[in-house]
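First the structure, in the form of structure tokens, and then the observations on it.
The values are calculated or read from the model by the stated rules, or taken from the named source; none is laboratory data. This is a predicted model, so every value here is computed, not measured. Here the Cβ is made from the backbone with ideal geometry for all residues, glycine too, and neighbour counts use every protein chain on show. To get the accessible areas, we keep the full protein, side chains included, count just its heavy atoms, and leave off ligands, DNA and RNA. Shrake-Rupley method; radii C 1.70, N 1.55, O 1.52, S 1.80 Å.
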Amino acid sequence: KAIERKRNEAENITVEEEKVTFNKTYYYRVRAYRNSAKSNYSTVISQKVKPATAKISKVSRASYNSLKITWKKVSGASGYAIYRSTSEKGTYKKIATVKSGKKLTYTDKKRSCGTTYYYKVAAYRKSKGKNYYGSKSVSVSAKTTPNKISFTGNSSSDDTKVKLCWKKSSGASGYIIYRSTEKNKGYVEVKNITKAKTVTWTDTGLDKKQIYYYKIRPYVVRNGKKIFASYSSAFK
């Protein structure tokens, strides 16, 4: 058991070499020894000194047509390159270069609302006028969605009807209106408005003794499917 434990420990030995030259390739081999007895050398492996692999912290919605990419700082980096694709395993195209090792965000603007985008980031270090890149990060994705709506002061109620008015949602194709008799649950769809320019609707035939709550959720249609924004706050 003692011999087996020592062997396992040897299998996980890690050694760090310091003061290496940037952009230079180093070759390594290892052999074990005990007293004067030595093993054969290991297979030779090589490693080029380059920036560490970047890591994206998150990709978040910035607006109906923009996404914000945030990544972690890479030690020694002069800047970062951002790559984008419309599929996880598709071709990633470089879309921007952040020329600062301290700036750790980039906002990708003028995207198509309702579309999922995938991003990778690579750190680079500038040496003798040339950029040397580390490996690209693992991809992280996010989706653009229409803006959440808010009701306007023109919304009103009468004995048996409620008039809803709201501000147009950028990026939306239409709106789903939901109604409930309770503020925090029980909402059901009562109207699908298929024109983004329509920003008013009147619900009629209501019980004047009943209190009603409404929420609206904008959506955009992509490939025959509705991509939804967040629900509005409740209108009483």
Using 7 Å Cα-to-Cβ label points, what is the K136/E182 separation (nm, one decimal)?
4.9
Can you give the FRET efficiency to the nearest 0.05 for I45 and S127, using r as the Cβ-Cβ distance and R₀ = 30 Å?
0.80
Nearest-0.05 FRET efficiency for K208 and Y231 at R0 = 25 Å, using Cβ-Cβ distance, is 0.45
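Quick one: which of 201-208, 136-143, 93-100, 78-85 comes out on top by average Cβ neighbours within 10 Å, and what's the full order, highest first?
78-85, 136-143, 93-100, 201-208
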State to the nearest 20 debye the size of the charge dipole of the chain about its Cα centre, where the only charges are +1 on K and R beta carbons and -1 on D and E beta carbons.
880
Given Cα pairs under 8 Å that are at least 6 residues apart, what percent is the relative contact order of region 194-236?
34
Have a look at V188, Y41, F228 and report the one farthest towards the positive end of the charge dipole of the chain, computed about the Cα centre with Cβ charges (Lys/Arg +1, Asp/Glu -1).
Y41
Against the longest alpha carbon principal axis of the chain, how many degrees, from 0 to 90 and to the nearest 10, is the axis of helix 2-11 turned?
70
Among A62, S75, Y92, which residue has its Cα furthest toward the positive end of the charge dipole of region 30-152, with +1 on Lys/Arg Cβ and -1 on Asp/Glu Cβ?
S75
Which distance in nm do the two modelled labels at T86 and S155 give, with both placed 7 Å along the Cα-to-Cβ direction?
3.5
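Rounded to the nearest 0.05, what FRET efficiency do K102 and Y33 give with R0 = 45 Å and r taken as the Cβ-Cβ distance? Could you check?
Between K102 and Y33 the formula returns 0.45.
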Order the following by accessible area, largest value first: I211, I13, I149. Probe radius 1.4 Å; ligands, DNA and RNA are ignored.
I13, I211, I149
Hey, of (i) 134; (ii) 148; (iii) 218, which did the structure itself give for volume of the Cα convex hull per residue in Å³ when calculated?
(iii)
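Cross-link list K148/K191; K110/K136; K72/K148: which exceed 21 angstrom alpha carbon to alpha carbon?
Beyond 21 Å between Cα atoms: K110/K136; K72/K148.
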